[in-house]
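Peer 1: Quick one: the structure is below, and I'll ask about it shortly.
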Amino acid sequence: MSWREQFENLEGLQDIVNRAVSKFRNGSQAQTDSIKKKRINKLLKKASDKHTNLVDLANQEQHLYATINQAEHFVTVSKTPHFFDLEELLTNHKDKFNGTQEIIDYGCGNAVKSSYVYHLLKQLCPSKENRTLHLFDYNDAILTIANEVAKNLRITDVEIEPTKNIEEDPLKRRDKNIRLHFFLGQTIGNFRDARLVIENLNKSMRKGEYLVVEWLNREHTDYEKGNTGERNLEFLYRYFEEFGIPRKYLSTNNGHFMRNERNKMGIWNIGYLILNEEFVHPDSGVTLQPGTNLVGLKSHRFQRDELPKLFEEYGFEAVIFEREIISLGSPLGHPGRTYKRKYEPKGEKQYSILKKTHESSFRKKINLLLGGLAVSYGLLCGGYYAFEKSQINYCDTYSYTPEAIVCKIDENKISLPLKEITLVKPTFSSIDRDRFVIKYQNQNYSFEMDSFIRKISDDLFPIK
Ligand SMILES: C[S@@+](CC[C@H](N)C(=O)[O-])C[C@H]1O[C@@H](n2cnc3c(N)ncnc32)[C@H](O)[C@@H]1O
């Protein structure tokens, strides 16, 4: 069977994914995740304390995708083959990808798409050396499954990065390979603010390298139709189940579960379900009233050049796609108007090819502002990159003295002497948004953003 035939056989693909899921299930030990439980209770309390009939639980994926059940749903092979547009794009621009030694896929999901890209580029841009497929995701289950799937799709050289949140950390630039970067699916739309992700993509790349970004220009009603609709609805039910709300308490809104909203950041597609009877959450004691609107999905709908322009603010240059449009009324041979775009629309799918041209200065701005913060609190501010992902201690209550921040975790009080704090940074990751992290003796402590920090955050992300 040729590599193409393997991808055309959707049942076969699904079978490969199913086997990878079972292997993962058998190899992993079911653990009760007390940290996750605690976080969920807290999030539920926070989201419901406004006593409105709207409880926003969206964008908490990092912890809620982490179960095998969620991962399994997430890696299911889509019923509609979706590689043709990407293939056309890569074929038309193959001269840019000559010499690629490594393909990096950020947020790889089941890795079927990037495995396809790998085989395609092997055909379009043959190379004498072995080419690596480098997979990257923040979900351990998904990453392990993706690794297995890619191997079964006959990619001999697969590497996986230890789980990493692209909102928080760039990839380390390790070697001199010529690399081609991919950020595919609607992943870029799932962040509250794409700028930190773009910044980290910039940091993960070397000058001159290309990044291919895919996103969807989809009406909210399109999320309700056909297979896509079934998958999204199932996603929402599972998502709330992860919060401990059984599906029998949940309904659609007369068949609808998507709407759209516009706020200062842009246009969003919102996924929600309605609580059909009073529900008392067993762990947290939170009571939700019938009719409560539970929001579980928020996806940014980028408009036209909005996304490539954002990349251009952070050290990238978008490739221009030119289209000549001949108007019907024009005499034969008369050239029509030329449209220039920084993205290529292909139905609902949109693509940009972005070249890293320079280092982004955004981080410098953060460090500068945090420098100000550090001085005002007498903190010593370390480099942003010194922050490494490790266990985070959540300081639910805290107080300041002139010399220290006193963090209370359960019954313990931990004093963080200001002079010994090596880093302070706001976190914008979905689960920890509106918090900031400080580092002391190689431990990370996370705090609610108080009004002072919030002001800094607003200064950092002025709405244009
Ligand atoms: C919409 S899926 C896209 C999968 C695949 N790229 C595709 O196009 O089919 C998003 C993937 O990104 C991962 N992801 C989401 N947020 C992430 C983050 N902050 N850091 C790393 N991976 C993330 C999810 O676990 C998931 O596998």
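Peer 1: Give the residues of the range 265-287 that are of a type outside the set (Phe, Trp, Tyr) and within 20 Å of the chain's Cα centre (by Cα), sorted by residue number.
Peer 2: Met265, Gly266, Ile267, Asn269, Ile270, Gly271 - these are the residues of the range 265-287 that are of a type outside the set (Phe, Trp, Tyr) and within 20 Å of the chain's Cα centre (by Cα).
Peer 1: Taking only the range 230-244 into account, find how many residues are under 18 Å from the mean Cα position of the chain (by Cα) and either of a type in the set (Asp, Glu) or at pLDDT 90 or above (or both). Working first, answer last.
Peer 2: Step one: filter the range 230-244 for residues under 18 Å from the mean Cα position of the chain (by Cα), giving 232, 235-236, 239.
With either of a type in the set (Asp, Glu) or at pLDDT 90 or above (or both) added as a condition, the list becomes 232, 236.
Selection size over the range 230-244: 2.
Peer 1: When the residues of the range 1-51 are filtered to those that are within 14 Å of Val286 (Cβ to Cβ) and among the small types (Gly, Ala, Ser), which remaining residue is modelled with the lowest pLDDT?
Peer 2: Among those that are within 14 Å of Val286 (Cβ to Cβ) and among the small types (Gly, Ala, Ser), it is Ala47.
Peer 1: Being in the same structural domain as Lys45 (by TED's automatic domain parsing), buried (at least 18 other Cβ atoms within 10 Å of the Cβ) and polar (S, T, N, Q): is that true of Asn232 here?
Peer 2: Details: in the same structural domain as Lys45 (by TED's automatic domain parsing): yes; buried (at least 18 other Cβ atoms within 10 Å of the Cβ): yes; polar (S, T, N, Q): yes.
In short, yes.
Peer 1: Here is a further query. How about the range 66-114: which of its residues are part of a helix (DSSP H, G or I), surrounded by fewer than 18 Cβ atoms within 10 Å (Cβ to Cβ) and at pLDDT below 80?
Peer 2: Result: Ile68, Asn69, His73.
Peer 1: Right, another one. Sort through Glu87, Glu102 and tell me the only one that's among the acidic types (Asp, Glu) and farther than 14 Å from Tyr210 by Cα. Outline the logic, then answer.
Peer 2: Working: Glu102 fails: farther than 14 Å from Tyr210 by Cα.
Among Glu87, Glu102, only Glu87 is among the acidic types (Asp, Glu) and farther than 14 Å from Tyr210 by Cα.
Peer 1: So, one more: Can you run down the residue pairs with Cβ atoms below 9 Å, 6 or more apart or on separate chains, where the first is in the range 27-56 and among the β-branched types (Val, Ile, Thr) and the partner is in a loop (DSSP other than H, G, I, E, B) and modelled with pLDDT under 70?
Peer 2: Cβ pairs passing all conditions: Ile35/Gln391; Ile40/Gln60.
The values are calculated or read from the model by the stated rules, or taken from the named source; none is laboratory data. Please read all numbers here as calculations on a predicted model, not as lab measurements. Backbone-built Cβ (ideal geometry, glycine too); neighbour counts: all protein chains shown.
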